[in-house]
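What follows is a single structure, written as structure tokens, with notes after it.
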Amino acid sequence: MSLDADLARWREHLSRFAALLGDPPDRSATPAPERAPGHCLIFAPHPDDECIVGALPLRLQQEAGWRVSNVAVTLGSNAERRESRWAELQDACAVLGFDCIRVGAEGLSDVRADTAERQPRLWQVHVDTIAALLAKHRPALVLAPHALDDNPSHRGVCRLVTEALAVTQLDTVVGHTEFWSTQAAPNALVQTSIADTARLIAALERHAGEIERNPYHLRLPAFLADAVRRGGELVLGAGEAVPDFAFATLYRLVAYRAGQPAAELPRRVFAADRALSSASLKP
């Protein structure tokens, strides 16, 4: 099936899902490309995370002309699946228009929050590898899981990126993402239109070996709809009206100065009818 057919199929599915939510208005922004667009690096613990947390970078790419690169920190724990997972990842990134960076021949190994204590030499090599990527690309936005995202590799990638940022002393914005566990204090709720949500799911569907094992792509719309429920009050404040859209993704955006967290960005809701830009990431 062609990409156009996949996108049409998912738009139809999401429209029916949105109808269950009362048919909230589905809006899209007019792109406003920047003269000097930024670069976002997504540090993905596994192939497929770039689709699950990709709302913010996808919108920055489409609306402001940003470059987005997905860093495949690992290619999964199953050595026999790594080459096929890399191929699936390239297909998924092609759907999203993201570049793809492979870390080493087979990704990094043993990326866990306690690896530094168990294998300090290996961990230092990992930190140096990620620091070199950060120094080379100097991204304006870095995405990585939050510290308590309840998967060993997700927690490991959070620690790895945090330590690598300290080494590079980079000025940037870090967007903490969530999937296996929600984060306590998100400060950004990023809407995706039905068309953009369809693109994220169509890309996720390219990870064929994973969704054959667990068809989690079918449940992603519910996850994104629930982010609106939670985010409406977590970002806007308890008792506030929930935004009138169907799908969104939650992030915690933190400004880093010289490689250290300096300030939480203001709590904001980024509706899809207003184009994102570099200014959206200013404290």
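The values are calculated or read from the model by the stated rules, or taken from the named source; none is laboratory data. Just so you know, these numbers come straight off a predicted model, no measurement behind them. Positions of Cβ are backbone-derived with ideal geometry, glycine not excepted, and every protein chain shown enters the neighbour counts. Keep in mind that these areas ignore ligands, DNA and RNA; they rest on the heavy atoms of the full protein, side chains included. Shrake-Rupley method; radii C 1.70, N 1.55, O 1.52, S 1.80 Å.
Volume of the convex hull of region 153-224 (Cα atoms only), normalised per residue: 141 Å³. The stretch between residue 218 and residue 263 holds 12.6 nm of extra length on full extension. This uses 0.36 nm per residue minus the Cα-Cα distance. Gyration tensor over the Cα atoms of region 1-113: the corresponding equivalent ellipsoid has semi-axes (square roots of 5 times the eigenvalues, largest first) of 29, 20, 13 Å.
Across the chain, the relative contact order, built from alpha-carbon pairs under 8 Å that are at least six residues apart, equals 25 percent.
Within region 228-279, the GluC sites (Glu not before Pro) that combine a DSSP coil assignment with at most 15 other C-beta atoms in a 10 angstrom radius are 240. Taking the Cα atoms only, what angle lies between the long axis of helix 82-96 and the longest principal axis of the chain, rounded to 10 degrees? For 82-96 against the chain, the angle is about 40 degrees. Sorting 206-215, 147-156, 180-189 by their mean Cβ neighbour count within 10 Å, with the most densely packed peptide first, gives 147-156, 180-189, 206-215. With all protein chains kept in place, the per residue accessible area of region 1-98 amounts to 43 square angstrom at a probe of 1.4 angstrom. The residues of region 231-280 present an accessible area of 45 Å² per residue when probed at 1.4 Å with all protein chains retained. Placing unit charges on the Cβ atoms only, positive for Lys and Arg and negative for Asp and Glu, gives region 26-177 a dipole magnitude near 340 debye about its Cα centre. Here the Debye sum runs over all C-alpha atoms of region 218-283 as equal scatterers in vacuum, and log10 of I(q)/I(0) at q = 0.20, 0.25, 0.29 Å⁻¹ comes out as -0.90, -1.13, -1.27. Measuring nothing but protein heavy atoms, the accessible surface of the chain at 1.4 Å probe radius is 51 percent carbon and sulfur. Within a Cβ distance under 12 Å of residue 91, other residues only, what is the Lys/Arg minus Asp/Glu net charge? Every neighbour counted, the sum reads -3. Calculate the length of the line joining the C-alpha centroid of region 153-180 to that of region 62-92, in whole Å. Computed from Cα coordinates, the inter-centre distance equals 18 Å. Relative to the longest principal axis of the Cα atoms of the chain, the long axis of helix 3-20 makes an angle of roughly 60 degrees. Packing, as the average of other Cβ atoms within 10 Å across residues, places the peptides 8-19, 245-256 in the order 245-256, 8-19, highest first. Per the Debye formula with a single identical scatterer at each Cα and no solvent contribution, what log10 I(q)/I(0) holds for the chain at q = 0.07 Å⁻¹? Log-scaled intensity ratios, in q order: -0.23.
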